[in-house]
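The values are calculated or read from the model by the stated rules, or taken from the named source; none is laboratory data. Everything numeric in this text was worked out from a predicted model, so none of it was measured. Here the Cβ positions follow ideal geometry from the backbone for every residue, glycine too, while neighbour counts run over all protein chains shown.
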Amino acid sequence: MVVNSLLKHKMQKIGGGVLWLLVLIISPVQAEEVRSGIVEQSLGRDFGILVGDIIEHYYVVQVPAAYSLTPASLPPSGEMDYWLQLLNSEYELIAENNQFRHYRLHFTFQTFYAPLDVRALTIPALTVRFIADDKAEQITLPAWHFTMSPLKEIAPRGVASDSNQNAFMKADLRPKTIPISGLQQQVWILSLTLLGLLLIWMSLKGYFFAFTRSPFQQAFHQVKRLRKHHYEPSAFYQALQAVHLAFNRLAKQALFAHQVDTFVLQHAELKPYQQKIDDFYQLSTEVLYSEQKAGSLNDFDQLLQLCRQLAGVEKLALKKS
Amino acid sequence: MSNVAVNSDNLLHDWHQKAATLQQNINQTILGQEHIIELMVVAIFCRGHILLEGDVGVGKTTLLRAAAESLGGDFERIEGTIDLMPHDLVYYTHIANDGKPAVNEGPLLKHGQDLSIFFFNEINRARPQVHSLLLRVMAERSVSAFNKTFHFPHLQVFADRNRIEKDETFELPAAARDRFMMELHIKQPKAEDQLKELMFNTRYYDADKLVDSADKAVLPFNQLNEIAVMIQDQIHVSETIQNYGFHLCQALRRPQDYDIKISDIDTEKLVLGGMGPRGISYLARSARAHAWLKQRHTVTPEDFHAVIRAISKHRIFINPVYNYNGEAIIEELINGVLNTIPSP
């Protein structure tokens, strides 16, 4: 029991010492204020920079937790010098606890300096401000020195610089194309399917043949179809309309009875049929503008005969031309 | 067929002979204007007023005088001048034989109901006030003066204007132009033999003698109103031709709806107005009268084609942007409409 109590006492002494040690180690840190400054930076290559190059600078800065960045203190985008352009400046709060805050700053510059030989240049120092209630803090991002290279071909001796095949200046590489062979096949299949469907639809509607038939051939087929309903007054009206439409299409305008003479003069191949054309227009005038009578089968047959004859004449004229 | 219809047919046939005589009579006086004279006869049988337009010295006045003389009835002529005022048409004041001031009826009133033709020469030289009076005379065939209304049941107004001179002239307002049934554009004859005839035939040297040489009053003018009504009643218009006439008028107002193309012109914005109810009614009436003149009982597209220019040209109002070439554009529009609208 004595041993145990002694051991316990020793342990208590050791435990108290460890606690003291911890207090000694930790307390100065807790007591010391967080220092403001740059904790991390990435500025990129500071040589071999050519005219028009983009220069990107990243910084991670630390400030005490109470401080926050004043966005207005970031330099505005625009010209910083006659050769230097600040394209963009951004900031982001990336970490914070009750002691500090970490901000990441990102600056994008573009240089337009066009040196004739290697030239040392400097991006000036930038100052970023932080505020906390009535206090202010500022961090200076140091000036950055770099060298710019000229855009000048190095012409090695012995290599021709004229325009022959050994010329130093050569065409750029071809851009790599994205492989679309798989897609191409699908596109072809889809296009052919759509075309097939369109052709089927057109042939079902009768449009396909309409392209190949002459106006009078089309009229012939329509009149033939309407002849089956010859007892209906509207059938003869539609039949006359179909033949009129054929004449209009051939004349490329609405053709009327009093214009037939001029029309026949312009289409000499129709001259032998002028009497029949006149008869058709006379019949049409009688039916459409006065009597509105239903057509007899004979009337339909005459229309069919006229259409057949004029389609034949038209075909012959096309062959000759 | 009933007796009334037979009588009407016979009467119309008789009157057709008279119309042919009238046309022939005017054609004998005026050379190379057959189509214009035919249109004038159409207007006479529709009881419509006529405005003649053309270059100087093409025979506008002679033509109207010849037409007026051939028609018969009382004829009055007045010259459009810049100082002409409406009251000059209605009355005039003078010192009478007894030495006292007197007021007498002016050219419009003095013939009473027998006034058949009122010929207004150089109408565009008269002021708008005169045009305004004329609006009523043409539309209502009446005028109010001396606290009463005077009616002119047989009145037809013939007017002319030249299109060359623009100084000291007053463009007719759209409303006044719309009251003229037809605006006829007279051009000089193109045929060589006709021009030689005009140049060397002494008959054409003296316009007064020329007009006097024509037969006078070949028609009973006071029956024209009844005949005009009869023509409109008797000439048949089928449903097909009604559709055709309707689409012609629609296409003149909205050419873009009928896919009518005019080179370098945006047809969507071309026509601002025109061919209103009076215009389309005149078109139908003149188509019927034309069919009758051609001895047909039914109106066909040919009738519309014959009269549409005279009826519609002065009734189409186009966007001022196109005024620089307005006449040619309207002509092209009418051609486009006639060539595009089919029948049936």
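For residue B:234, are the conditions met, namely being free of Cβ contacts under 8 Å to residues at least 12 places away in the same chain and either within 23 Å of residue B:80 (Cα to Cα) or among the polar types (S, T, N, Q) (or both)? Break it down into steps so the answer makes sense when it comes.
Details: free of Cβ contacts under 8 Å to residues at least 12 places away in the same chain: no; either within 23 Å of residue B:80 (Cα to Cα) or among the polar types (S, T, N, Q) (or both): yes.
Answer is no for this residue.
Which residue, of A:264, A:260, is touching a Phe, Trp or Tyr at 6+ places or on another chain (Cβ under 7 Å) and surrounded by 13 or more Cβ atoms within 10 Å (Cβ to Cβ)?
Numbers: A:264 fails: touching a Phe, Trp or Tyr at 6+ places or on another chain (Cβ under 7 Å).
A:260 is the lone residue from the list that is touching a Phe, Trp or Tyr at 6+ places or on another chain (Cβ under 7 Å) and surrounded by 13 or more Cβ atoms within 10 Å (Cβ to Cβ).
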**OP:** Report those helices (runs of 4 or more DSSP H) wholly inside region B:225-344 carrying at least 1 residues which are exposed (fewer than 14 other Cβ atoms within 10 Å of the Cβ), within 14 Å of another protein chain (Cβ to nearest Cβ) and not aromatic (Phe, Trp, Tyr).
**Re:** B:239-253
Original post:
Of all residues in region B:28-43 being more than 30 Å from residue B:135 (Cα to Cα) and surrounded by fewer than 23 Cβ atoms within 10 Å (Cβ to Cβ), which is modelled with the highest pLDDT?
Top reply: B:28
Original post:
Is it the case that region A:253-261 has a residue that's within 49 Å of the chain's Cα centre (by Cα) and within 12 Å of chain B (Cβ to nearest Cβ)?
Top reply: yes
Original post:
For region A:286-299, what are the residues that are surrounded by 20 or more Cβ atoms within 10 Å (Cβ to Cβ) and either modelled with pLDDT of 80 or more or hydroxyl-bearing (Ser, Thr, Tyr) (or both)?
Top reply: A:287, A:288, A:289
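Condition test on residue B:59, is it over 17 Å from the mean Cα position of the chain (by Cα) and crowded, with 18+ Cβ neighbours inside 10 Å? Break it down into steps so the answer makes sense when it comes.
Details: over 17 Å from the mean Cα position of the chain (by Cα): no; crowded, with 18+ Cβ neighbours inside 10 Å: yes.
When the stated conditions are applied, residue B:59 does not pass them.
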**OP:** For region B:202-232, enumerate the residues that are farther than 30 Å from residue B:284 by Cβ and not basic (Lys, Arg).
**Re:** B:202, B:204, B:205, B:206, B:207, B:208, B:210, B:211, B:212, B:213, B:214, B:215
**OP:** Only one of these is under 18 Å from residue B:302 (Cβ atoms) and outside the structural domain of residue B:153 (by TED's automatic domain parsing): B:227, B:241, B:280, B:262. Name it.
**Re:** B:241
**OP:** List every residue pair whose Cβ atoms lie under 6 Å apart, where the two residues are 6 or more positions apart in sequence or sit on different chains, the first residue falls within region A:103-125 and is among the β-branched types (Val, Ile, Thr), and the second residue, located anywhere, is assigned to a strand (DSSP E or B).
**Re:** A:108/A:56; A:108/A:87; A:108/A:88; A:111/A:84; A:118/A:147; A:122/A:145; A:123/A:144
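Assess whether residue B:160 counts as being assigned to a loop (DSSP other than H, G, I, E, B) and either more than 20 Å from the chain's Cα centre (by Cα) or surrounded by 14 or more Cβ atoms within 10 Å (Cβ to Cβ) (or both). Steps first, answer last, please.
Working: assigned to a loop (DSSP other than H, G, I, E, B): no; either more than 20 Å from the chain's Cα centre (by Cα) or surrounded by 14 or more Cβ atoms within 10 Å (Cβ to Cβ) (or both): yes.
No, not satisfied.
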